[in-house]
Amino acid sequence: MEQFIMKGGNPLVGDVAISGAKNAALGILAASIMTDEDVLIENLPDVNDINVMLEAIQAIGAAVNRIDRHTVRINAEGISDVTIEDEYMRRIRASYYFIGALLGKYKSARVPLPGGCNIGSRPIDLHLKGFRALGARVDIERGAVSAHAIDLVGSHVYLDKVSVGATINIMMAAALAEGQTIIENVAKEPHVVDVANFLNSMGADIRGAGTDVIRIRGVRRLHGTEYAVIPDQIEAGTFMCAAAATRGDVTVRNVIPKHLESISAKLKEIGCEVVESDDAVRVIGKSRQTRTNVNTQVYPGFPTDMQPQITVTLALAEGTSIVTESIFENRFKYVDELSRMGGVVKVVEGNVAIITGVDKLSGAQVAAPDLRAGAALVIAGLAAEGYTVVDDIEYIQRGYERFEEKLACLGAMIEKVDSEKEARKFQLKVG
Ligand code: EPZ
C-alpha cells in the first residue's frame, strides 16, 4: 500500500498553486448531465473523487472526453440508464448528486444509499424531503433510493439543518421543475454558489445562492456551457495551516481570499502574519504562536473541513486551545494518531477537543482515518522532529491533487513510497 514518508523540521517556504474546488466540481459534474448539449468544464482538480465521478457519468451512457487533467467535455445525450451502480456509491458519497440531476432531467433516478463514513452517520433525509416536496415519489428499497415523478412542481422547502448536499441536490431537481421553488435555511458555502452559477450558465434561473434563501424558477430545458470551477477553499486552508505549523512562509495562489477569511482570522489570532492580495494569501508563521479557540460552523464560519488542520496547528501553539466540532458527530478520530506523535489533545463529550500546546511533536507511524485528518497528520509529520509515515493515503488522494509534490516544492522532505525498500532509500537520501 502506498504511504507518505517524511522527515519533519523544514519550514515550508514558497508559492503553491491551488487546484479547483473538489466539492464544487462534484456537484457541477452531476449537473452537467442535465443537458443534451456539450458541457466543457475547466479547472477540475485531478483527484480520485473527480475521476470516480467521471467514471460513473460514463457508466450511465454519457460521453466523457478528458481533454487534459483539469479539463473535460461531457455530452449526456447518450444517457440510457438512470441507475447508478452500487460500486460508485461505495467509492464516492457524492454519487447521491445523481438523484437530483437525473430526477430533474429524466424524472427518474435509482441511486444506492450512501453509507455512513468515518466522520459521522451523514443521513440524506433532507435531500429526500426536498425531492418529495417537488412531487417525486421517493422509496428506499434494497439499499437504494428510487425517485420518480410524473411532473416536478416548484415548492417551498425548509431545510431543518443547513446541508451543503441537500441544498445542491434540491437545487438541481428544482431547476427543471414547473414554477417557483423556494429553499430556506440553505448552505452558503462557496461551492454551493459555484454549482448555482454553473446551472445558471446552462440557462437555469437560480437566485440567492450564498444567502439563506434560494429562489429557483424552473425552466423547460438546460443548454450546454463552458465553465471553470472556483479554487478549493479547503486545499488553500490546508497549506495555510501547514505554513503556520512548520513556522514557514507560504503564499497560496489562485485563491479567492474572501473564501478564506475565517481561516486567516484564526491564524492571525495565534500570531501568524497573514497578507491578502487579489488572488493570493501569504501566511508567515512565527516561532511563538499562542492558543485560541475554534468552533466549526457553516459558511462563513470556520469550516468543519479545516478542523483537523487547525487542531494540529494549535497542538504546537503555547497554551490551551479548545476546538468544538459543531457539524459532524465523530470527527476527532485522528486525535489518537496525533497523540502517538506527542500531541496532547483530550476529546470530551465527543465533539470538544481540549488541546495543550507542546514545544515539539515527534515523528511516528500513523494512519489517515479520513481525507482531512489525513492531510492534518501530514502537516503534523512535517512539523515534527524525525520521520513520520502516514498510511492509508488513498483517503488523502481523494481530495488533494499531487499533495506530496506540492509540499516538496515548498521544501518539505516528503515522498510517496510503495515499499519498505523505497522508504529506506528515502531515509538514506535525506539522512
Ligand atoms: C459536504 O458534505 C462536503 N462534501 C463535506 O466535505 C463537508 O464536510 C460538508 O459538506 C460540510 O461542509 C461534499 O461537498 C462532497 P452536509 P455533505 O449535508 O453535503 C447533516 C470533505 O472533506 N445532514 O452539509 O454530506 C449531516 O449529518 C467532505 O471534502 C442531515 O442530518 O454535508 C451533518 O451533520 C467531508 N441530513 C450536517 O447535516 C441530511 O439530509 C452537514 O452535512 C444531510 C445532512
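From the set of residues in the stretch 121-132 that are surrounded by fewer than 24 Cβ atoms within 10 Å (Cβ to Cβ) and near the ligand (Cβ under 8 Å from one of its atoms), which is farthest from the chain's Cα centre (by Cα)? Please lay out each step first, then the result.
Filtering the stretch 121-132 for residues surrounded by fewer than 24 Cβ atoms within 10 Å (Cβ to Cβ) gives 121-126, 128-129, 132.
Subset that is near the ligand (Cβ under 8 Å from one of its atoms): 121-126, 128-129.
Working: 121: 17, 122: 15, 123: 17, 124: 17, 125: 21, 126: 20, 128: 22, 129: 24 Å.
Checked the stretch 121-132; the qualifying residue farthest from the chain's Cα centre (by Cα) is 129.
Among the residues of the stretch 183-190, is any of a type in the set (A, V, I, L, M, F, W, C), within 14 Å of the ligand (Cβ to nearest atom) and not in a loop (DSSP other than H, G, I, E, B)?
First, pick out the residues of the stretch 183-190 that are of a type in the set (A, V, I, L, M, F, W, C): 183, 186-187.
Narrowing the set further to residues that are within 14 Å of the ligand (Cβ to nearest atom) leaves 183, 186-187.
In the following step, the residues that additionally are not in a loop (DSSP other than H, G, I, E, B) were identified as 183.
Scanning the stretch 183-190, I find at least one residue that is of a type in the set (A, V, I, L, M, F, W, C), within 14 Å of the ligand (Cβ to nearest atom) and not in a loop (DSSP other than H, G, I, E, B), so the answer is yes.
Quick one: would you say residue 219 is closer than 25 Å to residue 74 by Cβ and part of a helix (DSSP H, G or I)? Quick ask: steps written out before the conclusion?
Numbers: closer than 25 Å to residue 74 by Cβ: yes; part of a helix (DSSP H, G or I): no.
Taking the combined requirement at face value, the residue does not satisfy it.
Determine which member of the set 29, 12 is of a type in the set (A, V, I, L, M, F, W, C) and within 13 Å of the ligand (Cβ to nearest atom). Give the steps one after another, and end with the answer.
Working: 12 fails: within 13 Å of the ligand (Cβ to nearest atom).
Result of the check over 29, 12: 29.
Results for (1) in the same structural domain as residue 245 (by TED's automatic domain parsing); (2) modelled with pLDDT under 95; (3) surrounded by fewer than 24 Cβ atoms within 10 Å (Cβ to Cβ); (4) within 23 Å of the chain's Cα centre (by Cα), shown as yes or no for each residue.
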position	(1), (2), (3), (4)
334	yes, no, no, yes
342	yes, no, yes, no
350	yes, yes, yes, yes
367	yes, no, yes, yes
374	yes, no, no, yes
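Applying the criterion of being at pLDDT below 95 and more than 16 Å from the ligand (Cβ to nearest atom) to the residues of the stretch 80-109, the residue that is nearest to residue 205 (Cα to Cα) is 82. Taken as a whole, the condition of being over 23 Å from the mean Cα position of the chain (by Cα) and either in the same structural domain as residue 255 (by TED's automatic domain parsing) or not in a strand (DSSP E or B) (or both) applies to residue 81. Applying the criterion of being outside any helix (DSSP H, G or I) and in contact with a helix residue (DSSP H, G or I) (Cβ under 7 Å, 6 or more places away or on another chain) to the residues of the stretch 84-108, the residue that is surrounded by the most Cβ atoms within 10 Å (Cβ to Cβ) is 84. Go through the stretch 297-316 and give me each residue that's hydrophobic (A, V, I, L, M, F, W, C) and more than 15 Å from the ligand (Cβ to nearest atom). Answer for the stretch 297-316, where residues must be hydrophobic (A, V, I, L, M, F, W, C) and more than 15 Å from the ligand (Cβ to nearest atom): 312, 314, 315, 316. Of all the criteria given as (1) more than 18 Å from residue 242 (Cβ to Cβ); (2) modelled with pLDDT of 95 or more; (3) surrounded by fewer than 16 Cβ atoms within 10 Å (Cβ to Cβ), the one not satisfied by residue 360 is (1).
For the stretch 356-371, filtered to residues that are of a type outside the set (S, T, N, Q) and over 28 Å from residue 398 (Cα atoms), the residue that is farthest from the ligand (Cβ to nearest atom) is 359.
Residue pairs whose Cβ atoms lie under 7 Å apart, separated by 6 or more positions or on different chains, with the first residue in the stretch 156-185 and under 19 Å from residue 301 (Cα atoms) and the second at pLDDT 95 or above and more than 16 Å from the ligand (Cβ to nearest atom), are 184/213. Filter the stretch 118-165 down to residues that are of a type in the set (Val, Ile, Thr) and touching a strand residue (DSSP E or B) at 6+ places or on another chain (Cβ under 6 Å) and give me whichever is nearest to residue 212 (Cα to Cα). Step by step, filter the stretch 118-165, then rank; the result is 157. Can you confirm whether the stretch 55-67 contains a residue that is surrounded by fewer than 20 Cβ atoms within 10 Å (Cβ to Cβ), of a type in the set (Val, Ile, Thr), over 20 Å from the mean Cα position of the chain (by Cα) and part of a loop (DSSP other than H, G, I, E, B)? Within the stretch 55-67, one or more residues are surrounded by fewer than 20 Cβ atoms within 10 Å (Cβ to Cβ), of a type in the set (Val, Ile, Thr), over 20 Å from the mean Cα position of the chain (by Cα) and part of a loop (DSSP other than H, G, I, E, B).
Of the residues 280, 315, 265, only one is crowded, with 24+ Cβ neighbours inside 10 Å and either assigned by TED's automatic domain parsing to the domain that holds residue 250 or in contact with a helix residue (DSSP H, G or I) (Cβ under 9 Å, 6 or more places away or on another chain) (or both); which? Even if it seems obvious, please write down each step before you answer.
Details: 280 fails: crowded, with 24+ Cβ neighbours inside 10 Å; 265 fails: crowded, with 24+ Cβ neighbours inside 10 Å.
Selected residue: 315, the only one of 280, 315, 265 that is crowded, with 24+ Cβ neighbours inside 10 Å and either assigned by TED's automatic domain parsing to the domain that holds residue 250 or in contact with a helix residue (DSSP H, G or I) (Cβ under 9 Å, 6 or more places away or on another chain) (or both).
Residue 263 falls short on exactly one of the conditions (1) in a helix (DSSP H, G or I); (2) touching a Gly at 6+ places or on another chain (Cβ under 6 Å); (3) more than 16 Å from the ligand (Cβ to nearest atom), and that condition is (3). If I filter the stretch 13-23 for residues that are in a loop (DSSP other than H, G, I, E, B), over 21 Å from residue 372 (Cβ atoms) and not polar (S, T, N, Q), do I get at least one hit? No, the conditions are met nowhere in the stretch 13-23. What is the one condition in (1) in contact with a strand residue (DSSP E or B) (Cβ under 8 Å, 6 or more places away or on another chain); (2) modelled with pLDDT under 95; (3) not charged (D, E, K, R) that residue 54 does not satisfy? Of the numbered conditions (1) in contact with a strand residue (DSSP E or B) (Cβ under 8 Å, 6 or more places away or on another chain); (2) modelled with pLDDT under 95; (3) not charged (D, E, K, R), the odd one out for residue 54 is (2). Every listed requirement among (1) at pLDDT below 95; (2) crowded, with 20+ Cβ neighbours inside 10 Å is met by residue 118 save one, (2).
The values are calculated or read from the model by the stated rules, or taken from the named source; none is laboratory data. What you see is a predicted model; the values in this text were computed from it and never measured. For neighbour counting, all protein chains shown are included, and Cβ atoms are generated from backbone atoms with ideal geometry for every residue, glycine included.
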